[in-house]
């Protein structure tokens, strides 16, 4: 393959990764809601360890397991932050609605693009 063809392939793979990461984020947010409803903590080290084991077991290279683990550590950090931000936004919205209309209370923005 030529350099141009390989770059087009990478661009397409990047688009697919973005879609998959956003799907993962939606699932993580739903999990955050379930955790909140059942009073489970956002941070679950045993679950994260299992995720790392699962991705390393699936890895056929050339990406070394340790590098794949580093990538997933960051992905999980971001997903955990999304859960916390979403739950905080919901708590703020609930507090604002409980305060009643006209109090000037507003839920903070989550920083998500629309």
Inset, instruction - Could you tell me whether segment 64-72 includes any residue that is in a helix (DSSP H, G or I), under 11 Å from the mean Cα position of the chain (by Cα) and surrounded by 13 or more Cβ atoms within 10 Å (Cβ to Cβ)? - result: yes
Inset, instruction - Being without any contact (Cβ under 8 Å) to a residue 12 or more places away in the chain and touching a helix residue (DSSP H, G or I) at 6+ places or on another chain (Cβ under 9 Å) is the filter here, so list the residues in segment 1-46 that pass it. - result: 1, 27, 40, 41, 44
Inset, instruction - Could you grab me the full set of residues in segment 36-54 that are over 12 Å from residue 79 (Cβ atoms) and surrounded by 10 or more Cβ atoms within 10 Å (Cβ to Cβ)? - result: 36, 40, 49, 50, 52, 53, 54
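Laboratory data are not the source of any read-out in this text; all were calculated from the coordinates shown. Computed from a prediction, not measured in an experiment: that's the story for all the values here. Virtual Cβ from ideal backbone geometry, glycine too; neighbours counted across all protein chains shown.
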